[in-house]
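Right, one structure below, let's go through it.
What follows is calculated from the coordinates using simple rules that are stated; it is not laboratory data. The model shown is predicted, which means the values in this text are computed figures rather than measured ones. Cβ sites come from the backbone with ideal geometry, for glycine too, and all protein chains shown count toward neighbours.
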């Protein structure tokens, strides 16, 4: 029996939840149509197709990441800000792996929230005296390191019986030293 009141928001939320639970690759229009008790063509009233749906999940991910980063960095500077951003980033990626995966895709959202994350990160880099192109390179370096760590953690790439949390803190300390150099 079809669920009453299917909306774009409900469809995207269900798709994002499915991505978090099973992976972004598990999101399909047929899986969502089954979940809502409708036929696939009915979904086209709410999204333009799978690419559009994945883009909307990416936007959800970007909004969620920004929501996690903003309060984490508030009132902090330098090393403390870097550690706060890194920790919030890792927590978000672990709690919302599908949304996180969606926002990493090439050609990701050009939303105001994505721009705000960039501004937030460039603000952290300014604490290290980095501006302009140097700040962009530093943001890319930090993002690459954070993404690499959370992705390796997600796929079980840290098999040694040593604390992964300590390794993450070491990563952030190493980045801090490099940014100060």
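Data table
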item: Folded to 0 to 90 degrees: helix 164-180 orientation relative to the chain principal axis, Cα; result: 60
item: Centroid-to-centroid separation of the range 121-181 and the range 1-69 [C-alpha atoms, Å]; result: 31
item: Computed lengthening from residue 8 to residue 158, 0.36 nm per intervening residue step minus Cα-Cα distance; result: 50.2 nm
item: Tilt relative to the chain, helix 50-73 - C-alpha long axis, 0 to 90 degrees, to 10; result: 40
item: Most fluctuating residue given options 72, 48, 81, as computed from a GNM of the chain linking Cα atoms under 10 Å; result: 48
item: Angle in degrees between helix 112-126 and the longest Cα principal axis of the chain, rounded to the nearest 10; result: 10
item: Most mobile of 96, 74, 83 in a GNM of the chain (Cα contacts under 10 Å); result: 74
item: Relative contact order (%) - the range 43-122, alpha-carbon pairs under 8 angstrom, separation at least six; result: 42
item: Most to least packed among 122-132, 14-24 [average Cβ atoms within 10 Å]; result: 14-24, 122-132
item: Percent RCO, i.e. relative contact order, over the range 55-180, from Cα pairs under 8 Å lying at least 6 residues apart; result: 31
item: Nitroxide proxy distance, nm - points 7 Å out along Cα→Cβ at residue 115 and residue 181; result: 3.4
item: Descending Cα extents along the principal axes, the range 1-118, whole Å; result: 54, 25, 24
item: Helix-derived mean residue ellipticity, 222 nm - over the chain, DSSP H n ≥ 4, -39500 (n - 2.57), to 500; result: -24000 deg cm²/dmol
item: Long-range Cα-Cα pairs in the range 55-180 (distance over 21 Å), rounded percent; result: 37
